[in-house]
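Novice: Structure provided below as structure tokens; questions to follow.
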Amino acid sequence: MRKRYSLLELNPANFTAKGERMYDEIKRGYQSKGDPRAKEIAARTVYARAAEGVPGLVKPKAKQNPGGDYVDEAIVMGMERAIWVTSYADWADNQPRETEPKKQRTAAWRVASGRAKVVHRAGPGEDWNDVAPESPASAGEAAEDLRVAIERKNGKTLSELLDDAAKADGVQPTLRYADSFGHYLAMQAMGHGVSWFDNHKTFPLKLPHFEFHTFDGEEVEWSPRIRSRQNPCGGTRST
């Protein structure tokens, strides 16, 4: 099975020295604020700037398109974040809201009182993508299962489907385009009422139905499970 790079494994290897400097600067800024998503935000920001045309941030090999592993990973990362943010938002909205004064709802107070888990919620004008914690590894695994299901249903790789989408739109796909494509594939597979075709030209595309949830605000559960099933001799095996 193709190696699945996590977001943090993939991105640093693809940055040039200039990209690494931008990444480190953004990361330090968010870390100084205590944001646990500092690395993810910094990585996504560098790639977004590269997609906007800022030169010298990403190594040439990482920008190859279409059909390269990197483009495929960009789509999967878009699916991964959509799966996690949607699941987390649903979970957070169903958690009881705090009644303690705001000054008591600090991380230190919660740890001291035995209530260490902080529920992040999007306020007025805030985006859940900016509020939800960094995506867990299980969200990446769920996205990989969705990838397999989509490719089987269409008889094409994600990169080939991205090519079809770009040709229909009459554009050259960028990193941001690939990430957005993955986001909407996941949202549409979840049946959330939004579709890639809401703002893009249509092309032949079949999507499976998936369900994703988090029951603890930390890991994702999903159905159907595709790539692995229980091995009667112990452990799991890929299908």
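None of the figures in this text is laboratory data; all of them are computed from the coordinates on show. Remember, it's a predicted structure, so these values are computed and weren't measured experimentally. Quick reminder, even Gly has a Cβ in these numbers, built from the backbone with ideal geometry, and neighbours come from all protein chains shown.
Novice: So who's got an amide H within less than 5 Å of the one on residue 58, skipping anything under 5 residues away but keeping other chains? H placed 1.01 Å off N, in plane.
Specialist: Residues meeting the amide H criterion: 16.
Novice: OK, next. Here is the link list: 27/59; 59/167; 153/201; 156/201; 39/167. Which ones come out longer than 30 Å on Cα distance? Walk me through the intermediate numbers first.
Specialist: On the way: 27/59 20 Å; 59/167 25 Å; 153/201 20 Å; 156/201 19 Å; 39/167 33 Å.
With Cα atoms farther than 30 Å apart: 39/167.
Novice: Starting with the fewest neighbours, write out 88, 30, 177, 47 ranked by other beta-carbon atoms found within 10 Å of each beta-carbon. Working shown, then result.
Specialist: Working: 88 25, 30 17, 177 22, 47 28.
Going from least to most buried by this count: 30, 177, 88, 47.
Novice: Taking the Cα centre as origin and putting +1 on Lys and Arg beta-carbons and -1 on Asp and Glu beta-carbons, what dipole magnitude results for the range 117-197, to the nearest 20 debye? It would help to have the intermediate numbers written out before the result.
Specialist: On the way: 8 positive and 13 negative charges, 38 e Å.
Here the range 117-197 has a charge dipole of around 180 debye.
Novice: Further question: What list of ³J(HN,Hα) couplings, whole Hz, do you get for the range 181-190 from phi and the Karplus terms 6.51, -1.76, 1.60, once you set θ to phi - 60° and write x for glycine and proline?
Specialist: Taking θ as phi minus 60°, the curve returns 4, x, 4, 6, 4, 5, 4, 5, 5, 7 Hz for the range 181-190.
Novice: Output ³J(HN,Hα) for the range 128-142: one whole-Hz value per residue in order, computed from phi by the Karplus curve 6.51 cos²θ - 1.76 cosθ + 1.60 with θ = phi - 60°, and x for Gly and Pro.
Specialist: Working through the residues one at a time gives 4, 4, 8, 9, 4, x, 4, 5, x, 4, 5, 5, x, 5, 5 Hz.
Novice: Expressed as a whole number of Å, what is the distance separating the alpha-carbon centroids of the range 69-94 and the range 157-195?
Specialist: After rounding, the separation between the Cα centres reads 14 Å.
Novice: Here is a further query. In the range 182-229, what chymotrypsin sites (Phe, Trp or Tyr not before Pro) fall in a loop by DSSP, with at most 13 other Cβ atoms inside 10 Å? Provide the component values of the computation, followed by the final result.
Specialist: Values: sites: 184, 196, 197, 210, 212, 215, 222; in loops: 210, 215.
Loop-located and lightly packed - 215.
Novice: Once the other residues with Cβ under 9 Å from the Cβ of residue 222 are scored (Lys, Arg +1; Asp, Glu -1), what is the net sum? If you can, show how the numbers build up before the last one.
Specialist: On the way: positive: 225; negative: 141, 145, 211, 221.
Charge balance near residue 222 sits at -3.
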